[in-house]
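The values are calculated or read from the model by the stated rules, or taken from the named source; none is laboratory data. Nothing here was measured: the structure is a model prediction, and the numbers come from that model. Cβ coordinates were reconstructed from backbone atoms using ideal geometry, including for glycine residues, and neighbour counts include every protein chain displayed.
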Amino acid sequence: MTVEQIEKMCEGLNNPTIFQNLLKANLIINKPEYKTILCSISGGSDSDIMLDICYKVDKDKKIKYVWFDTGLEYKATKEHLDYLEAIYGIKILRERAIKPIPLTVHQEGQPFLSKYVSEQIQRLQKQGFGFEDGTYEELIAKYPNVSKSSISWWTNHYTESHGFETVSWFDIGYNRYLKEFMLENPINFKVTNKCCKYAKKDVGKHLVKKYNADLQIIGVRQAEGGIRATMYKSCFSDNKNNGGDCDYYRPVFYYKDEDKVAYERFFNIKHSDCYTKYGLKRTGCAGCPYGSNYAFGLGAIEYNEPLLYKAVTNMFKESYEYTRAYKDFCIRKKNGAKKEKEYMKKGYYQTDIFDMGL
């Protein structure tokens, strides 16, 4: 597309982010050195916008659209893929997981709280760590064969060693009261962060080699936050010139929530029933224990897809129970801290507060 065509397309939009984004997408996707491009479609709202951008600017139809079937998907997502194929006249390749999530959970364990937390707990479990209190130096000496980075996470060593005023992403203290909770309530099930690896990441790597892809397009937004977003500094990664298999492009990387809304309204983007009927804010793998709002998602699944609800509540039973207990623990701690401040203002001593049961 020419700049003039994009200007005409955006006439009346009045959103510089979207306009500049379309110009950049047009430039990158139509580079002659990119012969084969893979675009990972999830069926989510960010993915819908990303697909629309790619379809608009892909003049030579070089893009292959692919969806990863993790083995734990909403019926509404699958129906939405059919809709996207019909409305755009494209084919979305359905690629099965190297190891579906139900099998990963059975063999490896259950995800808990977040990918990063799950990764650290998984490492510590596999290496025989006792999940006990102690300083970084004490635990390194006691567990010489355990990953130092994971013991650093457990002891908040990264924050302390760098002198940060607020707790770093890389320490357990980022999830408030989690260490105190785990010390009082030892975790009694295996934890893993391997679901995404076997169901998405490894499949993506396989497809890059299978199709000899030059560019892979993914739907990550900086505004999402989290480790996944903070891994990237810009919308483009020049991997091929640094020994990688292909370059990476993130068309919606700089979109804020208001830009998403503006794009959806101006270009009449329709999302799946997961958003419009179920009321979900995000999709992803159905029933995933990650995230603070998973309980609401479970309610939506139970009402709209009862068979899927039965499957996920059986699969993630221990993780759900442990998460609920942790959330309750946090509430009690916060309420106790609030009462303690109130009593201290009234002049009570710590011993008085202890006698009051706080």
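For this structure, a couple of remarks:
- Residues that are among the hydrophobic types (A, V, I, L, M, F, W, C), surrounded by fewer than 18 Cβ atoms within 10 Å (Cβ to Cβ) and more than 22 Å from T70 (Cα to Cα) occur in region 222-231; there is at least one.
- Criterion applied to E108, E95, E79 was being under 30 Å from Y320 (Cα atoms) and outside the structural domain of D247 (by TED's automatic domain parsing), and the one residue passing it is E108.
- Whether a residue is closer than 27 Å to R324 by Cβ, more than 20 Å from the chain's Cα centre (by Cα) and touching a residue at least 12 places away in the same chain (Cβ under 8 Å) was assessed, and F181 passes this test.
- K327, sole failed condition from (1) over 27 Å from L103 (Cα atoms); (2) surrounded by 18 or more Cβ atoms within 10 Å (Cβ to Cβ); (3) under 21 Å from the mean Cα position of the chain (by Cα): (2)
Residues are listed down the side, and each one gets a yes or a no for (1) surrounded by fewer than 17 Cβ atoms within 10 Å (Cβ to Cβ); (2) touching a Leu at 6+ places or on another chain (Cβ under 9 Å):
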position: K200; (1), (2): no, no
position: A213; (1), (2): no, yes
position: K256; (1), (2): yes, no
position: D259; (1), (2): no, no
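- For region 305-321, a residue qualifies if it is closer than 18 Å to G71 by Cα and not basic (K, R), and the qualifying residues are E305, P306, L307, L308, Y309, A311, V312, T313, N314, M315, F316.
- Put simply, of L124, L139, L113 the only residue that is within 18 Å of the chain's Cα centre (by Cα) and crowded, with 17+ Cβ neighbours inside 10 Å is L113.
- Residue match in region 63-84 (condition: in contact with a strand residue (DSSP E or B) (Cβ under 7 Å, 6 or more places away or on another chain), free of Cβ contacts under 8 Å to residues at least 60 places away in the same chain, surrounded by 20 or more Cβ atoms within 10 Å (Cβ to Cβ) and of a type in the set (S, T, Y)): yes
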